[in-house]
Structures are given as structure tokens and as C-alpha cells.
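Read-outs: derived from the displayed coordinates by stated rules, not from any lab. Owing to the predicted nature of the structure, the values given are computational and were not obtained by experimental measurement. Glycine gets a Cβ as well: all are built from the backbone with ideal geometry, and neighbour counts include every protein chain shown.
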Amino acid sequence: MIDHLSIQCSDVGASARFYDAVLAPLGGHRIMDFGEVIGYGTEAPTFWLGGHETGEGFRESHIAFQAPSRDAVNAFFDAAVAGGAEILHEPRVWPEYHESYYGVFVRDPDGNNVEAVCHVPG
């Protein structure tokens, strides 16, 4: 349903370093880089970073990236922790969502709640 998503960042460079690290284990990478606007994806850019240009203050977003395996969720977590991300929830099964929902939640440099999730049974 979603073709692409763009978020505004207070420091595009810091956010790019975070997303470079955490999206790599999920197969994501920079596809387009215009300096202050960066597009990530696996084949086409579907997730974009840009500078904070509109609105006042900060409103937290929740962004969930699909992982191909539980190992990829764990690698996402390891990359986030290595980069100093705040841990919201360590990797685990979330049976309240469904019996195979394996996810982790961290904060990106702007304070957004960023998740990696695998729906494949363990």
C-alpha cells in the first residue's frame, strides 16, 4: 500500500549513518543520495531522509522495517546498539501480535521509534 515514506531529520548526516548501519542487515542500502536527501531501499528508494524543513517541534514516528529472518532482526539490533541507539525493546517474540512476530525497537538519532520485524516462524 505504501510506495515510499520520507521523514524529516534534524541532522541528516547522523541519521544517514544510523540508517546505513541498521538497514544493511535487512538488505537495504542507499539508492539515491542528493546530500540533504537520501533514498534507501532494496531495489528502488522506498524510505527517504531529508532535513527538517516544516513544522515546529518534534512528533515521534513509528517506522517498522521488514526483516527476512530473525538473524537479520538481531543484526539490526546489534548495529543500532553499536551506533549508540537507545533500546526500547530487545529482540523477542511478541505473541500479542501473532505467534511468529519477532521484533526489536530502538530510537533513531531524532527520537523516532524504529523497528525491525520478522514474521517467519522461528
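Starting from the Cα-Cα distance between Ala82 and Asp11, subtract it from 0.36 nm times their residue separation and give me the gain in nm to one decimal. Walk me through the intermediate numbers first.
Numbers: separation 71, 0.36 × 71 = 25.56 nm, distance 1.88 nm.
Using 0.36 nm per residue and subtracting the Cα-Cα distance, I get 23.7 nm.
Over the chain, what is the relative contact order in whole percent, taking alpha-carbon pairs under 8 Å and six or more residues apart?
On the way: 239 pairs, mean separation 30.3, N = 122.
The normalised contact order for the chain reaches 25 percent.
How far is helix 12-23 tilted, in degrees, relative to the longest principal axis of the Cα atoms in the chain, given as a value from 0 to 90 rounded to the nearest 10?
For helix 12-23, the angle is close to 20 degrees.
So if I place +1 on the C-beta of Lys and Arg and -1 on the C-beta of Asp and Glu, and nothing else carries charge, what would the dipole magnitude of region 26-122 be about its Cα centre? I want it in debye, nearest 20. The partial results should precede the final answer.
Working: 5 positive and 15 negative charges, 45 e Å.
The calculated dipole for region 26-122 is roughly 220 debye.
Within 10 Å, count the other beta carbons around each residue, average over each peptide in 64-77, 96-109, 28-41, and list them highest first. Let's see the in-between values first.
Details: 64-77: 18.6, 96-109: 17.0, 28-41: 15.3.
In decreasing order of mean packing, 64-77, 96-109, 28-41 become 64-77, 96-109, 28-41.
May I ask which residue of Ser100, Ile38, His4 lies farthest towards the positive end of the charge dipole of the chain, with charges of +1 (Lys, Arg) and -1 (Asp, Glu) on Cβ and the Cα centre as origin?
Ser100
Where does helix 70-82 land angle-wise versus the long Cα axis of the chain, in degrees 0 to 90, nearest 10?
50
Using Stokes-Einstein with the Kirkwood hydrodynamic radius over Cα pairs, what translational diffusion coefficient do you get for the chain at 20 °C and a viscosity of 1.002 mPa s, in µm²/s rounded to a whole number? Kindly include the intermediate steps, with their values, before the conclusion.
Details: Rh = 14.6 Å.
Calculated translational D: 146 µm²/s.
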